[in-house]
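Below is one structure; the comments refer to it alone.
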Amino acid sequence: VESVNRLKDIRDVLPHYLIKQSINDTNNKEGITYAALNNAYKTFTAQSEIQSAIDQGRGQSLAITHWDEFAFYKMNWLSFPAATATTDTAAAQLKATGVPVCNIITTTAGRLDEKRGKYAFKIRSQCLQFTEHLYDLKDHDELEDLLIKNSENQMIYIEFGYKQLGKDDKWFNKV
């Protein structure tokens, strides 16, 4: 719900002439769509049952997935591989049309004594560590080569401090 509300807040401050809303757009707490550009932002919640966790995301052609608080996502070790497999299937078709494709994971540190935290840490450990030298790469092909050679999952790990995310010391000391 928070992610959907953040997107709505962003949309609502854009100039009205940039948004061509129609009666075909959905606008609820589970997601929003924008029919003019054939875009949808759908939310899924973590599943407690094994089969439901495995089935999550199946049947979707997802160009981009965003897993928020992944280290706390119930049965992430079942849902993530299943859902991202559908992204991988759609990726070739989408890339050919120029649509960006990626899987995004955001999270605070999880507990390594819990299976979901351990799984999140495993994915993080298999990533290429972000450095500003990535900006110096010639093109996307060079980035892909670097990822293949230096990561086990072709993902990049980026770590942010609370100040980089716009928070102050007062906020940090509260949490």
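The values are calculated or read from the model by the stated rules, or taken from the named source; none is laboratory data. If you're wondering where the values come from, they're calculated on a predicted model, not measured in any experiment. Please note: Cβ atoms are built from the backbone with ideal geometry, for glycine as well, and neighbour counts cover all protein chains shown. Accessible surface is based on the protein model in full, side chains and every heavy atom, while ligands, DNA and RNA are left aside. Shrake-Rupley method; radii C 1.70, N 1.55, O 1.52, S 1.80 Å.
In the chain, the DSSP beta bridges split such that about 45 percent are antiparallel, to the nearest 5. Computed from the C-alpha gyration tensor, the three semi-axes of the ellipsoid equivalent to the range 1-73 are 27, 14, 10 Å, from longest to shortest. Close amide-amide hydrogen proximity is noted between Asn103 and Thr65, each under 5 Å apart and 5 or more residues distant or on a separate chain (H modeled in the peptide plane; Pro and chain starts excluded).
Look at the alpha carbon pairs under 8 Å that are at least 6 residues apart: their mean separation over the length of the chain gives a relative contact order of 14 percent.
Separation of the alpha carbons by more than 29 angstrom is noted, of Lys118/Lys174; Lys74/Lys138; Lys122/Lys170; Lys138/Lys167; Lys42/Lys174, for Lys74/Lys138; Lys122/Lys170; Lys138/Lys167; Lys42/Lys174. Per residue, the range 1-126 exposes 66 Å² of accessible surface when a 1.4 Å probe is rolled over the protein heavy atoms with every protein chain present.
When Trp67, Trp77, Trp171 are compared by accessible area at a 1.4 angstrom probe, the order from most to least is Trp171, Trp77, Trp67. For the range 102-175, the carbon plus sulfur part of the accessible surface works out to 52%, probe radius 1.4 Å. Taking all protein chains together and rolling a 1.4 Å probe, Ser52 ends up with roughly 40 Å² accessible. Loop-located trypsin sites (Lys or Arg not before Pro) in the range 97-175 (DSSP state other than H, G, I, E, B) with a sparse environment of at most 14 neighbouring Cβ atoms within 10 Å: Arg111, Lys138, Lys163, Lys167. Could you state, as a whole-number percent, how many of the C-alpha pairs of the range 85-133 are farther apart than 12 Å? Across the range 85-133, Cα pairs with separations above 12 Å total 73 percent. In angstrom, the C-alpha Rg and Dmax of the range 1-139 are 17.1, 51.
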